[in-house]
Amino acid sequence: MADVTRLLNDAAAGKPAATEELFQAVYDQLRRIARRRMAEERADHTLQATALVHEAYVRLVGDQQVTWNSRAHFFGAAARAMRRILVEQARRKARPKHGGDRERVSLEHAELAVEPLSDDVLAVDEAIKKLEAVDARKGRIVNLRYFSGLSAEDTASVLGVSVGTIEREWRFIKSWLQLELTEQDQR
């Protein structure tokens, strides 16, 4: 496997072959991250995992000013980029111009129920922003564990803390987010 950190820095330095080699080296893992994110989206989402990967990759590698510390740093940034893309998409879809003020009605069950468009992505993003404002490290843990799919061991290594600290904080984070999202639903 190629040295991803070297390829990241070579791509940032403008070396022509590095960008293509980097894309091939990280594509499968980026697709896994994107598929996990898209699996949590509503079924009628118009953005596909492949498009999400490509958009996130362009945003990451297109920034010539970034110096990547490690593979984990890159995948953490990729997860944040995917999160931002999904939030932007959800906000755009919620605008009245794009039908955000309308409710979808299934023709088969029109008399049964009207389901509003899901704004789960926006609620999760808002909750994570609140958490980051209170404790930046917990915000990084969410990005590394949930959005990048890193293990507790890898997250501990990236943040320079013990695995026990990550596991303890991850339990707290999951409980806190569940409570925050429940409270948002009740508002």
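The values are calculated or read from the model by the stated rules, or taken from the named source; none is laboratory data. All values reported here derive from a predicted model rather than from experimental measurement. Glycine gets a Cβ as well: all are built from the backbone with ideal geometry, and neighbour counts include every protein chain shown.
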Flag for Arg83 being of a type in the set (Lys, Arg), surrounded by 20 or more Cβ atoms within 10 Å (Cβ to Cβ), assigned to a helix (DSSP H, G or I) and modelled with pLDDT under 80: no
Please enumerate the residues belonging to the range 149-182 that are outside any helix (DSSP H, G or I), surrounded by fewer than 14 Cβ atoms within 10 Å (Cβ to Cβ) and out of contact with any helix residue (DSSP H, G or I) (no Cβ under 7 Å at 6 or more places or on another chain). Ser151, Gly160
Filtering the range 4-20 down to residues that are of a type in the set (Asp, Glu) and crowded, with 17+ Cβ neighbours inside 10 Å yields Asp10
Take the residues in the range 117-146 that are modelled with pLDDT under 75 and out of contact with any strand residue (DSSP E or B) (no Cβ under 8 Å at 6 or more places or on another chain), then tell me which one is surrounded by the most Cβ atoms within 10 Å (Cβ to Cβ). Val121
